[in-house]
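Each remark here refers to the structure printed beneath this line.
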Amino acid sequence: MGRPAKLVQRQQLELWLLYLASLAGVLLLFALVLRGVFQQSQLGTIRSALSVVSEDLASLPLPAPGSERDLQESRKDFATAHQQVEWFVKGRAAPVARLGEVRTIGPLPPLAPGKRLIWQQGSDWIALVRPVDSSQVEGHAPGTVWLRVSEGLENTEAQLTQLDLALAASVGAALLLSVLMARLLTQRAVEPLQRSLSRLRQFSLDASHELRGPLAALGANVEMGLLESDPAFGQQRRRFEAIGQATAQMEQLVDDLLLLARQDEQRIEHAEPVDISALLQLQVDLNRDGLALHQHQLSLELEPELLVLGQPILLQRLFRNLFDNAQRYTPDQGAIRVSAQRRGGRVTVAVEDSGVGLSADQLPRLFDRFWRASPDRGDGGTGLGLAIASRICLAHGGSIRVTSQLGEGSCFLVDLPAYQAA
Amino acid sequence: MRILLAEDDKLLAEPLLDYLQRERHVVTWFSDGALALEALVAGGFELALLDWMLPGLDGAAIVREVRRRQLPLLVLMLTARDALEDVVTGLRAGADDYLVKPFRMMELAARIRSLERRSPQPYRGDSHHWGELVLDAEAGQARWGLQPLGLTSKEFQLLEWFLRHPGQLFSRARLLDQLWPLEAEAGEETVKTHLNNLRRKLRLAGVPDPIETLHGQGYRLGPVP
């Protein structure tokens, strides 16, 4: 099928990037949700543990100073679980008794009279405050003793970190694998487009070749008709000549179609350095008769030796088409200006005319095939001239733009990469 | 030259035939590839104009067979396909030159002329001389000194043939084979008639008869008087 056209390649790249971006987004979202759920689940577990422990302890009497060690022994799991228990008495900021892993977590929160359970959370700990049963309190007024059970979140943090690493690794691996998969997928996706373009191109080629057969027969018969016709029979000769002209137009059209169909591949074969200024000068010289006929005023501003890497025949065709266009749409005694210069690494050629110009809504379709400014076909063009010019520009790595004012004229700007002699 | 035209498009073939005959070639037309090859193998042709797409056997196959048999034949292929690969294929198969349709007749004539120069047969040359008799092969004009001679196409061909092969003896049958196309309804009597017409015209113009008759054997170009 040949190398896919640039259009198809671009499409494939866009699809590929879009696919990867959306996949990355989805995976990231998934990872975040998973992490969040895990974190909440861990916290939930800790909270219920604290709840149970605090309930348990709240029914115990306040440990007397000194008896902490006994209690500590019987509650060894406090330290291993990063848990701490503190008893507070109203009026005293510091805890009166403590159990478990020592951790300073600040004062009690403000205690509202109605509330029984209060949760506190710090950057790496969580705590539950509850009042001790009044029945267990000796020497203290009811409602003045609280206990706070707290737990460090180091374990959870560690687990989260592990989860983060695992997620990062798997998301990374998934994306890496997807890069390859996506390439295959997008290639499949653009295949119909590629096939369609190929078919279109092949049709264009085939049709043009088929048309050449009848054109050959037409041309041969016209030539012989003219050769054999009686010179005295002027009218008949004119008819043959007219048929000959129409046939020549059709031949040109077929050649143009073939050129366009081939250029769809957007490849230049046998590129060589081409002197653009010389080419333009040649084009002008070839059109001298036409210029004289319509009394067009021509001005040329060509920088000498502007070199471009490309195919001379195609570049000649490009400028011929632009020049023909300018001549065709400029009224008699109008002005045409051709300028060419080098700016940085680019060669720019401008073909300006003082012709009928184009309106703003006509401009976007200008380089379409068979588009014409006026529906009248008498102007002798094939309607493919600008489409071909545009294609040739693109194939040479350049671009073509047009600016125009209705009634005043148009300016076609060709921009091509300059040739750097190595 | 004796040319075989293999072209299946009748609309193209007819004007081509007329044109080539005007150019004083002897042309035979085939519209089927297999039949064309048979005729080429049978011999008698110097140039084959082959359309690339033919019913029966296509142009490429014909050329390959012709080359395989090492027939002394010039081949000009006529093709509607101008893609470089197709042309290369054609030339590789053994064609000597190619023309892309549609083409101008003048282009065809020019190509044939340039191939003639490569022909294994003696080149027609641009002009032949015999005493004061001058034959301009390219323009198809004959004159004695400065006096133009109004010869028909066939008369010109006959005279030209003799001038190209001075001293060589040709029977009527041989002349018929050489200067008349295969399917032409012509016989040895036709040859005799045309020769007589030619000689009468020359005599009326005051030209000494260049052609010698050897009864029972044939004709040849005589020495310059």
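Observations, loosely collected:
- Answer from A:L147, A:L205 - the residue that is within 14 Å of chain B (Cβ to nearest Cβ), out of contact with any Gly (no Cβ under 8 Å at 6 or more places or on another chain), crowded, with 17+ Cβ neighbours inside 10 Å and touching a residue at least 24 places away in the same chain (Cβ under 8 Å): A:L205
- The set of residues in segment A:345-363 being without any contact (Cβ under 8 Å) to a residue 60 or more places away in the chain and either within 26 Å of A:D256 (Cβ to Cβ) or surrounded by fewer than 17 Cβ atoms within 10 Å (Cβ to Cβ) (or both) consists of A:D353, A:G355, A:V356, A:G357, A:L358, A:S359, A:A360, A:D361, A:Q362, A:L363.
- Among residues of segment B:9-37 that are more than 14 Å from chain A (Cβ to nearest Cβ), those with a beta-carbon under 8 Å from a residue that is crowded, with 17+ Cβ neighbours inside 10 Å and polar (S, T, N, Q) at least six positions away or on a different chain give the pairs B:R24/B:Q157; B:V26/B:Q157.
Residues checked against (1) at pLDDT 85 or above; (2) under 26 Å from B:D97 (Cα atoms); (3) assigned by TED's automatic domain parsing to the domain that holds B:A95:
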{"site": "B:A109", "(1), (2), (3)": "yes, yes, yes"}
{"site": "B:Q121", "(1), (2), (3)": "no, yes, no"}
{"site": "B:V134", "(1), (2), (3)": "yes, no, no"}
{"site": "B:A139", "(1), (2), (3)": "no, yes, no"}
{"site": "B:A142", "(1), (2), (3)": "yes, no, no"}
{"site": "B:L149", "(1), (2), (3)": "yes, no, no"}
{"site": "B:Q157", "(1), (2), (3)": "yes, yes, no"}
{"site": "B:L163", "(1), (2), (3)": "yes, no, no"}
{"site": "B:L169", "(1), (2), (3)": "yes, no, no"}
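- The set of residues from segment B:62-87 being surrounded by fewer than 13 Cβ atoms within 10 Å (Cβ to Cβ) and within 13 Å of chain A (Cβ to nearest Cβ) comprises B:L84, B:E85.
- Some residue of segment A:148-160 being in a helix (DSSP H, G or I) and in contact with a Phe, Trp or Tyr (Cβ under 6 Å, 6 or more places away or on another chain): no
- Some residue of segment B:168-179 being touching a strand residue (DSSP E or B) at 6+ places or on another chain (Cβ under 8 Å), under 23 Å from B:E132 (Cβ atoms), touching a residue at least 24 places away in the same chain (Cβ under 8 Å) and not in a helix (DSSP H, G or I): yes
- The set of residues from segment B:92-102 being without any contact (Cβ under 8 Å) to a residue 12 or more places away in the chain and either more than 8 Å from chain A (Cβ to nearest Cβ) or surrounded by fewer than 19 Cβ atoms within 10 Å (Cβ to Cβ) (or both) comprises just one member, B:R92.
- Meets criteria (in contact with a His (Cβ under 9 Å, 6 or more places away or on another chain) and outside the structural domain of B:E23 (by TED's automatic domain parsing)) for B:E188: no
- Residue tally, condition of a type in the set (K, R) and within 14 Å of chain B (Cβ to nearest Cβ), over segment A:232-249: 0
- Scanning segment B:187-225 for residues that are assigned to a helix (DSSP H, G or I), buried (at least 16 other Cβ atoms within 10 Å of the Cβ) and of a type in the set (A, V, I, L, M, F, W, C) turns up B:V191, B:L195, B:L198, B:L202.
- Test: residue in segment A:250-258 that is outside any helix (DSSP H, G or I), within 12 Å of chain B (Cβ to nearest Cβ) and closer than 20 Å to A:A395 by Cβ: no
- When segment A:208-219 is filtered for residues that are within 7 Å of chain B (Cβ to nearest Cβ) and in contact with a Ser or Thr (Cβ under 8 Å, 6 or more places away or on another chain), the ones remaining, listed by number, are A:L215, A:G219.
- One residue alone among A:L218, A:L180 is among the aliphatic types (A, V, I, L, M) and surrounded by 14 or more Cβ atoms within 10 Å (Cβ to Cβ), and that residue is A:L218.
- Residue in segment B:133-152 that is under 19 Å from B:F45 (Cα atoms) and surrounded by fewer than 19 Cβ atoms within 10 Å (Cβ to Cβ) present: no
- Sole residue being within 14 Å of another protein chain (Cβ to nearest Cβ), surrounded by fewer than 18 Cβ atoms within 10 Å (Cβ to Cβ) and free of Cβ contacts under 8 Å to residues at least 24 places away in the same chain, chosen from A:S229, A:S170, A:S196: A:S229
- Residue, surrounded by the fewest Cβ atoms within 10 Å (Cβ to Cβ), within segment B:5-15, restricted to residues that are in contact with a helix residue (DSSP H, G or I) (Cβ under 7 Å, 6 or more places away or on another chain) and more than 15 Å from B:W52 (Cβ to Cβ): B:L11
- Residue among A:Q252, A:Q297 that alone is within 27 Å of B:E85 (Cβ to Cβ) and surrounded by fewer than 16 Cβ atoms within 10 Å (Cβ to Cβ): A:Q252
- So B:M53, is it at pLDDT 90 or above and within 14 Å of chain A (Cβ to nearest Cβ): no
- Considering the conditions (1) surrounded by 17 or more Cβ atoms within 10 Å (Cβ to Cβ); (2) assigned by TED's automatic domain parsing to the domain that holds A:D368; (3) not β-branched (V, I, T), A:L257 is excluded by exactly one of them, (2).
The values are calculated or read from the model by the stated rules, or taken from the named source; none is laboratory data. Quick caveat: nothing in here was measured; it's all calculated off a predicted structure. Here Cβ is always computed from backbone atoms with ideal geometry, including for glycine, and neighbour counts include all displayed protein chains.
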